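The values are calculated or read from the model by the stated rules, or taken from the named source; none is laboratory data. Since the model is a prediction, treat every value here as computed from it, not as a measurement. Quick reminder, even Gly has a Cβ in these numbers, built from the backbone with ideal geometry, and neighbours come from all protein chains shown. Please note that ligands, DNA and RNA were not included when accessible areas were found on the heavy atoms of the full protein model with its side chains. Shrake-Rupley method; radii C 1.70, N 1.55, O 1.52, S 1.80 Å.
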Amino acid sequence: MEGLNLVSTFAEFKELKNIDRPTMMSVLEDIFRTQLARMYGSSDNFDIIINIDKGDFEIWRNRTVVEVVEDPNTQISKDEVDKIDNSYEIGEEFAEEVKLSSFGRRGILNLRQNLQGRIMDIEKANLYNAYKERIGEILVGEVYQVWKKEVLVIDEDGNELLMPKSEQIPSDFFRKGDSVRAVVARVEMKNSSPVIILSRTAPAFLERLFEQEVPEIFDGLITIKKIVRIPGERAKVAVESYDERIDPVGACVGVKGSRIHGIVRELKNENIDIINWTSNTQLLIQRALSPAKISSIKISDEDNKIYVSLKPSEVSLAIGKGGTNIKLASMLVGKDIEVFRELDEEEEDVLLSEFTDEIDQWIIDALKSIGCDTAKSVLALSVQDIMKRADLEEETVVDVQRILKAEFEDNN
C-alpha cells in the first residue's frame, strides 16, 4: 500500500505538470537507487521494475551465493539461501524482492521528498526551456496582482510572469483581472527558479503587432528593417517591400489608417512614423527627420556625427516635441544628429560657440540639443519654453539670455 501511495503521488504530479513517460521512469528509478545506495552502500546489483500504468513497482536485490560472505550487499551464504530455496548452488545469482516496508518510515519519507524535489526541478527546467523558445513572441495573459514596481501576469497554463514598471508603457494602468498583451522579453534564473519577463516597451512588441495587423509583413512581402521607440510617445518604423507593386508604407497604414489605428490604441496613442527604408544614408536621414525639409547634410567620420542645416522655420519640426523626432532619427540612422539654423545673408547673428568664455559648454550643448545653435534662436524662445525643452533652471536661462542680449546691444 505504501508503494501504491508513492507512485500515485507521482502520478498526480505527472498529470499536473505534464511530464513525459521516459522522464517519469528515469526520475522514479533514480530516487529509488539513491535511497538504496544510502541503505546498502551501492545500488548496482538491484533491478527496479516500474509499471506506471498500474501504479506499482518491484525492487529485486541480486546477490551471488557463496560459502563465506565477504560483502553482505552483493553476496549471500549458501546456508541462508537454503532456508528459502535449496535449489541454488554456489556461484549462482539469487534474486530477492525488497519490500518498501524495509525502507522504514524515514526512508519512505525521504523518497517522497526527493520525488517532489525532482518533479519541481523538472517543471522549472521545462518552464525555462519552453519560454526561452518563446522570446520575442506575443502572449495574452491575465493580470493577477499589481504592485508598485511590477505586475504579476498569469498565462493560460497558470504560470506566473512578471512585467516590471520599466517594461510598461508610462500611461499603462492595470487592475486585477485585466487582459494584457505583451512580448516575452527574456527568461532569467533566480534562486534556481525561472523568471519570465514580459515587455510592452520593447521594439519587438511593436514588430509583432505589425505582423498581426499587416498580412504583407506576416507573409514576408514587406520586411521591417528597424524599429526605434520612445514608449508611449513616438516610434519610427523603417519598412521595405520585396514586391515593387506593394507600397510598404501604405500597406502598413491601411485604408484610412485601419491597420495602424489598432496598433496605436494598443500602445496608448503612441505616434508611429512609418518610413521607406533605404541604404542611402543621406536619403534615410531626410526621411527620418520628416516632416522637416533639410537644406544640407554633412556626415562626419571623425566624431561619428551628422550635421544637418535647415531653415529657421524647419528646425522645430526636425527636433519635434521634447526633442523626440531628432532623438528617434538619430537612433534610426545610428549616429547623433545635430541641427543648425541657416542664417540669411542679411541677418546678423552669432553662433553660441562664440560664447564659451561666458557660458558653460554643457549649457551650450543643452541649447543645441533643442535646435538653438545661435544667439537669436535662443532669444526667440521664452524662458519657460527653454526650461522645459532643454531641462535647464530658470536662473540659468535668464542669465544666458542676458548675456546674448548684451551682445547685440553692444554692437548697436
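Computed values, structure above
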item	result
Residue match in the stretch 180-194 (condition: surrounded by 15 or more Cβ atoms within 10 Å (Cβ to Cβ), charged (D, E, K, R) and not in a strand (DSSP E or B))	no
Candidate set from the stretch 113-125 (those that are exposed (fewer than 15 other Cβ atoms within 10 Å of the Cβ) and either touching a Ser or Thr at 6+ places or on another chain (Cβ under 7 Å) or not aliphatic (A, V, I, L, M) (or both)); member that is modelled with the highest pLDDT	Lys124
Test for Ser87: is it assigned to a helix (DSSP H, G or I), open to solvent by 60 Å² or more (accessible area, probe 1.4 Å) and of a type in the set (Ser, Thr, Tyr)	no
The stretch 206-236, subset in contact with a Phe, Trp or Tyr (Cβ under 9 Å, 6 or more places away or on another chain) and within 12 Å of Trp277 (Cα to Cα), residue surrounded by the fewest Cβ atoms within 10 Å (Cβ to Cβ)	Thr223
The stretch 126-149, subset in a strand (DSSP E or B) and open to solvent by 60 Å² or more (accessible area, probe 1.4 Å), residue nearest to Phe174 (Cα to Cα)	Val146
Enumeration of residues in the stretch 46-62 that are open to solvent by less than 70 Å² (accessible area, probe 1.4 Å), at negative phi and assigned to a loop (DSSP other than H, G, I, E, B)	Ile52
Strands (runs of 3 or more DSSP E) contained entirely in the stretch 237-344, each with at least 1 residues that are open to solvent by 60 Å² or more (accessible area, probe 1.4 Å)	271-276, 296-300, 336-341
Selection from the stretch 92-103 of residues that are outside any strand (DSSP E or B) and open to solvent by less than 30 Å² (accessible area, probe 1.4 Å)	Val98, Leu100, Phe103
Residues within the stretch 162-186 that are more than 16 Å from Phe205 (Cα to Cα) and touching a Phe, Trp or Tyr at 6+ places or on another chain (Cβ under 8 Å), tallied	1
Residue match in the stretch 63-82 (condition: open to solvent by 30 Å² or more (accessible area, probe 1.4 Å), at positive phi and part of a loop (DSSP other than H, G, I, E, B))	no
Matching option when the condition is polar (S, T, N, Q) and out of contact with any strand residue (DSSP E or B) (no Cβ under 9 Å at 6 or more places or on another chain), among Ser300, Ser316	Ser316
For Val237: the one exception among (1) in contact with a Gly (Cβ under 8 Å, 6 or more places away or on another chain); (2) modelled with pLDDT of 90 or more	(1)
Every residue from the stretch 345-355 that is open to solvent by less than 70 Å² (accessible area, probe 1.4 Å) and modelled with pLDDT of 70 or more	Asp349, Val350, Leu352, Ser353, Phe355
Filtered residue count, the stretch 303-357, keeping only those that are in contact (Cβ under 8 Å) with a residue 40 or more places away in the chain and more than 32 Å from the chain's Cα centre (by Cα)	7
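So that you can scan it fast, the table gives a plain yes or no per residue for (1) on the phi < 0 side of the Ramachandran plot; (2) open to solvent by 60 Å² or more (accessible area, probe 1.4 Å); (3) modelled with pLDDT of 85 or more:
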site: Ile363; (1), (2), (3): yes, no, yes
site: Ser369; (1), (2), (3): yes, yes, no
site: Lys388; (1), (2), (3): yes, yes, no
site: Leu392; (1), (2), (3): yes, no, yes
site: Asp399; (1), (2), (3): yes, yes, yes
